[in-house]
Each structure stands twice: as C-alpha cells, then as structure tokens.
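Enquirer: Handing you this structure, nothing more for now.
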Amino acid sequence: MPLYKGMIKARLYDGTFQTCNVTGLDDTTLIGGPPVMLKGKLEDLRRSDGVIVDIDGARDKLAKKPTVNGGKPVPLDIGDTLELNDRRAVVVGIAKNTRTFQSQPIIYTTYSRAMLYAPRERKLLSFVLVKAKPGEDIARLVQRIRDSTGLAAYTQDEFKTLTVNYFLKNTGIPINFGISVLLGFIVGAAIAGQTFYNFTLENLRQFGVLKAMGTSNWVLLRMIMLQAVLVGSIGYGMGVGLTALFGYAMRNTILAFKFPWQLLVFSATGVTLIVIFAAMISIRKVIKLEPAVVFKG
Amino acid sequence: MTSSELAVKCRQLVKTYDTGDQKIAALQGIDLDIHMGELMMLVGPSGCGKTTLISVIAGILDQDSGQCDVFGVDWLHLSSKNKLLFRAQNIGFVFQAYNLLPTLTAAENVAVPLIINGMKRQLAVRKAAELLEKVGLAERAESLPSQLSGGQQQRVAIARSLVHNPRLIVCDEPTSALDHQTGIHVIELLKSVAVASDRALIIVTHDARIFDYADRIARMDDGRIENVNAMARHSEFTKEDDNVT
Ligand SMILES: Nc1ncnc2c1ncn2[C@@H]1O[C@H](COP(=O)(O)OP(=O)(O)OP(=O)(O)O)[C@@H](O)[C@H]1O
Ligand SMILES: [Mg+2]
C-alpha cells in the first residue's frame, strides 16, 4: 500500500501559513491512519477534499482567530476549510495522536489527494506499507521485497530502530537530553551529599557526646543510615510528585510527556546511589571522630 | 569504703599531640590518685593539660605511655568494645557547653545513658524524670534544651551524668559558662547529689569561687602536677598530704 509523508504548507483563515505534517493514506484501505478518532470517522476521508487534523493542531496552531477581540482562539472543527498548496481541504474529522517532539499539526488525507496537495517532486511515493498474509515469514517476505523491487524494506522493528537511530544521529535531542539527565544527576548528588554531610558536621559534637558516653560506631552508623534513607525517601517522593504534577499540568499541551515505570525505577536507583554516597562520607567522618572532641570548647 | 581504695591511679602518664609540624607535650609524667567518695578539683593555667588529663582518665583519649587505672582497670588493656562498655557503665560526663542533644526533651536527654546501656526507652525516660525532680527541674522534663536557661541546661546535664549510677564523674569547666550565682547553685547541686561513698568526682575548673567545694585540689602546670592540697574545710581526707610530685 502506498503511503505519503511530507511537509505541506497550509494557508489558514487569517492568511498566515503553517507547515503541517501531511500523511497520505492508501485510498482503498486507509491503513496507517490516526490511532484514535475524536470526531468524525476515518472513512470520511473518502469525501471530496476531506482531511483529518489532530486535536492538538486543531486547538493550537491551526485554530481560528478569536471571535471576540482578546478572546480564546476557536479550535478548527468539522466543516472548516483550509488551503493546502492552493487546494481546498475540508476538515471531516479530528484525531488524537501519539505525541512527538515535533510540534507541527498533523493532517491525514488519502494518498491520491496528498499527491495533489504536495508540491511537485519527481517521486512522491515515500513509503509503501505491506501487510503480510497470516502465517507468512516476515523476514523472508522482507528479503523477497528487497530482491524483487530493489527498494529498501524493513520489518516493523527494523523501521523503529531506523527511526530511533535517525534521531540519535541527526538531531541534538538525545545528546541534550543525556547531558540534562547527567547534569541533574551530578548536581543532585553533589547537593544531596553536601547537605547531608553538612548536617553531619553540624551534629558532629552530638555524635562525639554519644561516642564518649559509650555508643558504638555500629549504632551511630545505623542512625546515619536511617537518616539517609529518610531524607532519600522524602526527596524521591517530592521529585516523583513534582514530575507527575508537571506531567498533569502538561496534559493539554502538545508537549510529549511520558512517565513510564522504568523511569521510576531508574530514578529510585539514582536516588539510592546518591544517598549511599552521601551517607558513606558522613559515616567515615563519624567513625574516625575522636570522642575527646567533646571537651573542646 | 576506705580512703585507700582508689578510683583513679595515674603513674607517669605521658601524652604528646602530633599536629604534623609540631609536637605538643600536653602531659609530661602525671602521677595522681583519686579516692572513692572524693571530689577532686583540677586547676591550672590555660593549656597546661587539664582537659587532656581528664580525657585520658575518662577513657576517651589514649595515653602514649604510663599507666591510668580506673577502678583497677587499665584503659589500655581493654579492647575497644569493652572500653565502650566500661565507659557506658562507669563514667558520667559534664561539659562546659552542656552538650545536650537539641532535638530531645530534658527527660529524653537524661535517659540517653540508660538507653545506651540497653534499658527500654519508656522505662529510661521515667527514671530520668525522677532524677530531674532531684535536680529541681520536675516541671521542665518535657522542655527542649533551647527552652532552658544555661543553669537549667547544666542541671539537666548533671542529671544525665548521674542517671546510670556511674562510679566516676568527670566535669570540664561545669560552671564557667554560668554567671556567679548560677555557678554556685550548680556546684552545690553537684556536691549534694553526685558525691557518694562509692563514687569519685573530678572537676576541671579555673573558677576560684567554687574551690571551697573540693575535697582536694590538684594544681597543674605545663603537663605536670605541681601539688595536691586537701581543703581544710573538708576534713574527711585530712590525712597526710597526698602530693606525689
Ligand atoms: N587535639 C589536639 N591537637 C593538638 N594539640 C592539642 C589538642 N588538644 C590540646 N592540645 C594542646 O595540648 C595542650 C594542653 O591542652 P588542654 O586542652 O589539655 O589544656 P587545658 O589545661 O584544658 O586548657 P584550658 O584551660 O584552656 O581548657 C595545649 O597546648 C593545647 O594547645
Ligand atoms: Mg580545657
């Protein structure tokens, strides 16, 4: 099945332009459409000039001017029209899409119509989607397509990897993210460690008093560990809570926000490491502490 | 209990601090005996080694050489575990800066030595409250140290030094952070509740106003004991002068 994917400039009501991510679906099967339809049906695409826009785009970048001055923009709705490359496009449906890092509105239409909208290029076929017959060996199928057509063919997983690699290689996103995470981790460890160590130093005299009165290092060690675990849990709880809150606040924006459980585990491990690190230097200090300090003024 | 029974016996005690670039001879051969039932004061100019000496006697600092027996046990012969145990059971501390734990109430502070010795927390706090009554702070049992005056804090500290019935109590400048009147009150309290026939007290001080409360006074200078004098007013120990220098 043919699939078109490309950027097309849309002309909006007020005459401004907005680049949109246009997907042209196979005319007969409409495979590859949006995961969730909020308004209208996917089949409505077959109506003349029909397009489906994603909800985020409809609400934000493609929205119409406020009816009253200073009011809220009016979201694009079914029946509204756009101009894609000087051709009329009528909104027949609103879809909900998986969020991405790209913030252009997403427009679905049929393959043949996408050909009309798209600016002239020599080849407009971007992808061909292939659905294997049940029981077909996918790897062999891929190989067969490669051999017979001379085109690149990928399985679903291969294509995913390809896409991820594209982002890794050609955009700054992963490096920036990586640096942010690493920086956050280092700064977090430094601050947590420093705070905890300061706390121990401030109370060093009390530890000395307890030592002089016959408290063993083992008991003091347990006290510090308990404190560290307490501080770590509070910090972790606050961090996760704030992040969840942030995600909740962002739910109506077009920003991608994902909070998988792996992240919880990852950050828990991070916090644990920080806490252990912070506690270790404090414990070392307290164990080496001479109880004779208690008589120092 | 006879006066010949020794609580503390120091012989040729030497301690040198090594700060890397210089060595400071803090104790240069101390000979000193402290008897059971005795309140011994240790006086001398600043830096002469008083604090160092009581630190060694209390078992929180190791001497370089010489002997320091407390109730017949040499600190150096104890394993570090037994040392902790011996200290927890036999030594009470009173500090110049009170050194109460700021987040615990007065009663909880007093209970700490009992808890270190393995007593259940509730029972320990109850015993502590009883002792607070003895030092005149019954109504302040639930107060935090920050809510108490200096004199009251030192009374809490005295209760803490006594609660586990230790046989030796060491005090470093217990009155020098207090005004005259409060200082006198505190030393009177120490004298009345802490001195017992099965217990010895050693108090480091430069506060001449409280010398009268001592049984004997040991004068130190430059890491040595200059002399030990019995106070005339307290005649229990007016046998021959115990000066061993
Ligand atoms: N931890 C240490 N490291 C190095 N030198 C020390 C240390 N503690 C004490 N000293 C030095 O040892 C000497 C005796 O000190 P110590 O504290 O025993 O004197 P002190 O008689 O208690 O003085 P003060 O009346 O001022 O309290 C001093 O010269 C002091 O500077
Ligand atoms: Mg001193």
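Enquirer: Tally time: how many residues in region A:279-291 are without any contact (Cβ under 8 Å) to a residue 40 or more places away in the chain and either near ligand 1 (Cβ under 8 Å from one of its atoms) or over 42 Å from the mean Cα position of the chain (by Cα) (or both)? I'd like the intermediate steps shown before the answer.
Expert: Pass one, region A:279-291, residues without any contact (Cβ under 8 Å) to a residue 40 or more places away in the chain: A:280, A:284, A:288.
Applying the additional criterion that residues be either near ligand 1 (Cβ under 8 Å from one of its atoms) or over 42 Å from the mean Cα position of the chain (by Cα) (or both) yields A:288.
Of the residues in region A:279-291, 1 are without any contact (Cβ under 8 Å) to a residue 40 or more places away in the chain and either near ligand 1 (Cβ under 8 Å from one of its atoms) or over 42 Å from the mean Cα position of the chain (by Cα) (or both).
Enquirer: Something else about it: Name every residue in region B:38-60 that is assigned to a loop (DSSP other than H, G, I, E, B) and surrounded by 20 or more Cβ atoms within 10 Å (Cβ to Cβ), in order of residue number. Talk me through it step by step, then tell me what you get.
Expert: Let us first name the residues in region B:38-60 that are assigned to a loop (DSSP other than H, G, I, E, B), namely B:38, B:44-49, B:58-60.
B:Glu38, B:Gly44, B:Cys48, B:Gly49, B:Ala58, B:Gly59, B:Ile60, listed by residue number.
Enquirer: Looking for whichever is modelled with pLDDT of 85 or more, assigned to a helix (DSSP H, G or I) and within 30 Å of B:Leu61 (Cβ to Cβ) here; the options are A:Gly208, A:Gly241, A:Gly237. Which one fits?
Expert: Details: A:Gly241 fails: within 30 Å of B:Leu61 (Cβ to Cβ); A:Gly237 fails: within 30 Å of B:Leu61 (Cβ to Cβ).
Residue meeting the stated conditions: A:Gly208.
Enquirer: At least 1 residues that are surrounded by 16 or more Cβ atoms within 10 Å (Cβ to Cβ), away from chain A (no Cβ under 14 Å) and within 16 Å of ligand 1 (Cβ to nearest atom) in each: list the strands (runs of 3 or more DSSP E) lying fully within region B:154-233 that qualify. Spell out the reasoning first.
Expert: On the way: elements: B:168-172, B:200-204, B:216-221, B:224-230.
Ranges flagged: B:216-221, B:224-230.
Enquirer: Right, here's the next one. When the residues of region B:31-47 are narrowed to those that are within 14 Å of chain A (Cβ to nearest Cβ) and in contact (Cβ under 8 Å) with a residue 40 or more places away in the chain, which ends up nearest to B:Val195 (Cα to Cα)? It would help to see each step written out before you state the result.
Expert: Initially, region B:31-47 is screened for residues within 14 Å of chain A (Cβ to nearest Cβ), giving B:42, B:46-47.
Add one more test, that the residue is in contact (Cβ under 8 Å) with a residue 40 or more places away in the chain, and what stays is B:42, B:46.
Working: B:Leu42: 16, B:Ser46: 27 Å.
Among residues in region B:31-47 that are within 14 Å of chain A (Cβ to nearest Cβ) and in contact (Cβ under 8 Å) with a residue 40 or more places away in the chain, the one nearest to B:Val195 (Cα to Cα) is B:Leu42.
Enquirer: A further question on this structure: Just to be sure before I move on: is A:Lys72 without any contact (Cβ under 8 Å) to a residue 40 or more places away in the chain and in the same structural domain as A:Ala114 (by TED's automatic domain parsing) in the structure I sent?
Expert: The answer is yes for A:Lys72.
Enquirer: Would you check if there is a residue in region B:58-66 being hydroxyl-bearing (Ser, Thr, Tyr) and more than 10 Å from chain A (Cβ to nearest Cβ)? So that I can check it myself, show each step before the final result.
Expert: Here is the first cut: in region B:58-66, the residues hydroxyl-bearing (Ser, Thr, Tyr) are B:65.
Those still in the list that are more than 10 Å from chain A (Cβ to nearest Cβ) too: B:65.
Checked against the condition, which is being hydroxyl-bearing (Ser, Thr, Tyr) and more than 10 Å from chain A (Cβ to nearest Cβ), region B:58-66 yields at least one hit.
Enquirer: Checking B:Gln28 against (1) within 14 Å of chain A (Cβ to nearest Cβ); (2) over 19 Å from the mean Cα position of the chain (by Cα); (3) closer than 19 Å to B:Met220 by Cβ; (4) away from ligand 2 (no atom under 16 Å from the Cβ), which test does it fail?
Expert: (1)
Enquirer: If you don't mind, there's one more thing I want to ask. Is it true that some residue in region A:123-137 is part of a helix (DSSP H, G or I) and either surrounded by 11 or more Cβ atoms within 10 Å (Cβ to Cβ) or at pLDDT 80 or above (or both)?
Expert: Applying the first criterion (part of a helix (DSSP H, G or I)) to region A:123-137 yields none.
No, region A:123-137 contains no residue that is part of a helix (DSSP H, G or I) and either surrounded by 11 or more Cβ atoms within 10 Å (Cβ to Cβ) or at pLDDT 80 or above (or both).
Enquirer: Additional query: With the structure loaded, tell me whether B:Ser79 is more than 13 Å from B:Leu13 (Cα to Cα) and of a type in the set (Ser, Thr, Tyr) or whether it fails that test. Give the derivation first.
Expert: Numbers: more than 13 Å from B:Leu13 (Cα to Cα): yes; of a type in the set (Ser, Thr, Tyr): yes.
It is true that B:Ser79 is more than 13 Å from B:Leu13 (Cα to Cα) and of a type in the set (Ser, Thr, Tyr).
Enquirer: Of all residues in region A:204-216, which are more than 7 Å from every other protein chain (Cβ to nearest Cβ) and buried (at least 16 other Cβ atoms within 10 Å of the Cβ)? Give the steps one after another, and end with the answer.
Expert: Of the residues in region A:204-216, the ones more than 7 Å from every other protein chain (Cβ to nearest Cβ) are A:204, A:207-208, A:210-211.
Within region A:204-216, A:Phe207, A:Gly208, A:Leu210, A:Lys211 qualify.
Enquirer: So, one more: So if I check each of A:Thr163, A:Thr155, which one is closer than 18 Å to A:Thr23 by Cα and either polar (S, T, N, Q) or at pLDDT below 80 (or both)? Walk me through how you get there before you give the answer.
Expert: Working: A:Thr155 fails: closer than 18 Å to A:Thr23 by Cα.
Criteria check complete, one pass: A:Thr163.
Enquirer: When the residues of region A:53-101 are narrowed to those that are within 27 Å of the chain's Cα centre (by Cα) and closer than 21 Å to A:Pro119 by Cα, which ends up modelled with the lowest pLDDT?
Expert: By that ranking, first place goes to A:Leu62.
Enquirer: What is the residue count in region B:3-15 for residues that are in contact with an Asp or Glu (Cβ under 7 Å, 6 or more places away or on another chain), within 13 Å of ligand 1 (Cβ to nearest atom) and away from every other protein chain (no Cβ under 14 Å)?
Expert: Final tally of qualifying residues: 1.
Enquirer: Confirm whether B:Gln96 is in contact with a Leu (Cβ under 6 Å, 6 or more places away or on another chain), within 16 Å of ligand 1 (Cβ to nearest atom), part of a loop (DSSP other than H, G, I, E, B) and not aliphatic (A, V, I, L, M). Let's see the steps before the verdict.
Expert: Details: in contact with a Leu (Cβ under 6 Å, 6 or more places away or on another chain): no; within 16 Å of ligand 1 (Cβ to nearest atom): yes; part of a loop (DSSP other than H, G, I, E, B): yes; not aliphatic (A, V, I, L, M): yes.
So B:Gln96 fails the test.
Enquirer: Right, next: Looking only at region B:67-99, count every residue that is on the phi > 0 side of the Ramachandran plot and more than 12 Å from chain A (Cβ to nearest Cβ) and tell me the total.
Expert: First pass over region B:67-99, keeping only residues on the phi > 0 side of the Ramachandran plot: B:71-72, B:98-99.
Now drop any that are not more than 12 Å from chain A (Cβ to nearest Cβ), which leaves B:71-72.
Final tally of qualifying residues: 2.
Enquirer: Another question about this same structure. Suppose the filter is facing chain A (nearest Cβ under 9 Å), in contact with a Lys or Arg (Cβ under 7 Å, 6 or more places away or on another chain) and either assigned to a helix (DSSP H, G or I) or closer than 24 Å to B:Val163 by Cα (or both); does B:Asn109 pass it? Break it down into steps so the answer makes sense when it comes.
Expert: Working: facing chain A (nearest Cβ under 9 Å): no; in contact with a Lys or Arg (Cβ under 7 Å, 6 or more places away or on another chain): yes; either assigned to a helix (DSSP H, G or I) or closer than 24 Å to B:Val163 by Cα (or both): yes.
So B:Asn109 does not fit the description; no.
Enquirer: While we're looking at this one, here's another question. When you look at B:Gln63, is it touching a helix residue (DSSP H, G or I) at 6+ places or on another chain (Cβ under 6 Å), in contact (Cβ under 8 Å) with a residue 40 or more places away in the chain and not aliphatic (A, V, I, L, M), yes or no?
Expert: Taking the combined requirement at face value, the residue satisfies it.
Enquirer: Okay, next question. Any idea which residue in region B:167-225 is farthest from ligand 2 (Cβ to nearest atom), counting only those that are more than 14 Å from the chain's Cα centre (by Cα) and of a type in the set (Asp, Glu)?
Expert: Filtering region B:167-225 for residues that are more than 14 Å from the chain's Cα centre (by Cα) and of a type in the set (Asp, Glu), the one farthest from ligand 2 (Cβ to nearest atom) comes out as B:Asp198.
Enquirer: Of (1) in a helix (DSSP H, G or I); (2) of a type in the set (Val, Ile, Thr); (3) more than 14 Å from chain B (Cβ to nearest Cβ), A:Val219 satisfies all except one. Which?
Expert: The one condition A:Val219 does not meet is (3).
Enquirer: Which of the strands (runs of 3 or more DSSP E) found entirely inside region A:2-112 contain at least 1 residues meeting this: closer than 29 Å to A:Phe259 by Cα? Steps first, answer last, please.
Expert: Numbers: elements: A:2-11, A:17-25, A:36-39, A:50-54, A:81-84, A:87-96, A:106-110.
So the answer is A:2-11, A:17-25, A:36-39, A:50-54, A:87-96, A:106-110.
Enquirer: Something else: What is the one condition in (1) exposed (fewer than 14 other Cβ atoms within 10 Å of the Cβ); (2) closer than 30 Å to B:Val94 by Cβ; (3) more than 14 Å from chain B (Cβ to nearest Cβ) that A:Val286 does not satisfy?
Expert: Checking A:Val286 against (1) exposed (fewer than 14 other Cβ atoms within 10 Å of the Cβ); (2) closer than 30 Å to B:Val94 by Cβ; (3) more than 14 Å from chain B (Cβ to nearest Cβ), the one that fails is (1).
Enquirer: Continuing with this model, one more query. Let me confirm something: among A:Ala190, A:Ala153, which residue is in the same structural domain as A:Ser282 (by TED's automatic domain parsing) and not β-branched (Val, Ile, Thr)? Walk me through it before giving the result.
Expert: Working: A:Ala153 fails: in the same structural domain as A:Ser282 (by TED's automatic domain parsing).
Of A:Ala190, A:Ala153, the one residue that is in the same structural domain as A:Ser282 (by TED's automatic domain parsing) and not β-branched (Val, Ile, Thr) is A:Ala190.
The values are calculated or read from the model by the stated rules, or taken from the named source; none is laboratory data. A quick note: this is a predicted structure, and the numbers were derived from the prediction, not measured. Here the Cβ is made from the backbone with ideal geometry for all residues, glycine too, and neighbour counts use every protein chain on show.
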